[in-house]
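The values are calculated or read from the model by the stated rules, or taken from the named source; none is laboratory data. Because the structure is a prediction, the values reported are computed rather than measured. Counting neighbours? That spans all protein chains shown, and the Cβs are built from the backbone with ideal geometry, glycine included. Ligands, DNA and RNA are excluded from the accessible area calculation, which covers all protein heavy atoms including side chains. Shrake-Rupley method; radii C 1.70, N 1.55, O 1.52, S 1.80 Å.
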Amino acid sequence: MIFISNLIIPLMVLIIMIYGIYKKVNLYDEFLTGAAESFSMIVKIFPCFLAMILGINIFLKSGVLNLFLELLEPLFKRFNFPVEIFPMALMRPISGSSTLAILNNIYSLYGPDSFIGRLGSVIQGSTDTTFYVITLYFGSVGIKKIRYALWAGLFADLVGIFMSIIIVNMLF
């Protein structure tokens, strides 16, 4: 299986090259044009990413999250929601890599087959990085007024988290 997954990207590139040769397209010139366009897009998106990363780091380093967890712990226990999952549920709309790190830590401490491990896995699969998606896609085309996209994305994440809790409690 690993052998096949290692071949997927090279095969896709080969197929694209064969198709381009068949259609008599100058592949090298088209590649250079695409690379030049992507560079300007990266320069255009960079301030959005920088602002997002700065905001995430300020939030995490300030200790507000730990204070918030201490205040809400009794409420979480009442609904059979492990406090250890809350940082992941809170960070999931913001950063996919940070939630993967949190999930990896949960796996290390409790195991992937534990209730907390399964709940974290379901939350990871049923929610999205809303702020990242909005930053990337809206920023790349220059949209500054996101209207209802943020609220719709956050609502979908909240529904995904609540449904994850319900389903994991029912099945495990």
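Numbers below:
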{"quantity": "Residue match in the range 31-52 (condition: surrounded by fewer than 13 Cβ atoms within 10 Å (Cβ to Cβ) and either among the basic types (Lys, Arg) or not in a helix (DSSP H, G or I) (or both))", "calculated": "no"}
{"quantity": "Matching residues in the range 13-30 - criterion: being assigned to a loop (DSSP other than H, G, I, E, B) and open to solvent by 80 Å² or more (accessible area, probe 1.4 Å)", "calculated": "Lys23, Lys24, Asn26"}
{"quantity": "Which listed residue is in contact (Cβ under 8 Å) with a residue 40 or more places away in the chain and either among the basic types (Lys, Arg) or in contact with a His (Cβ under 6 Å, 6 or more places away or on another chain) (or both), from Arg147, Arg118", "calculated": "Arg118"}
{"quantity": "Candidates Leu158, Leu119, Leu136 - the one that is hydrophobic (A, V, I, L, M, F, W, C), touching a helix residue (DSSP H, G or I) at 6+ places or on another chain (Cβ under 8 Å) and modelled with pLDDT of 90 or more", "calculated": "Leu119"}
{"quantity": "Qualifying position, being surrounded by 13 or more Cβ atoms within 10 Å (Cβ to Cβ) and polar (S, T, N, Q), among Ser62, Ser98", "calculated": "Ser98"}
{"quantity": "Residues located in the range 114-144, provided they are loosely packed, with under 13 Cβ neighbours inside 10 Å and touching a Phe, Trp or Tyr at 6+ places or on another chain (Cβ under 9 Å)", "calculated": "Ile143, Lys144"}
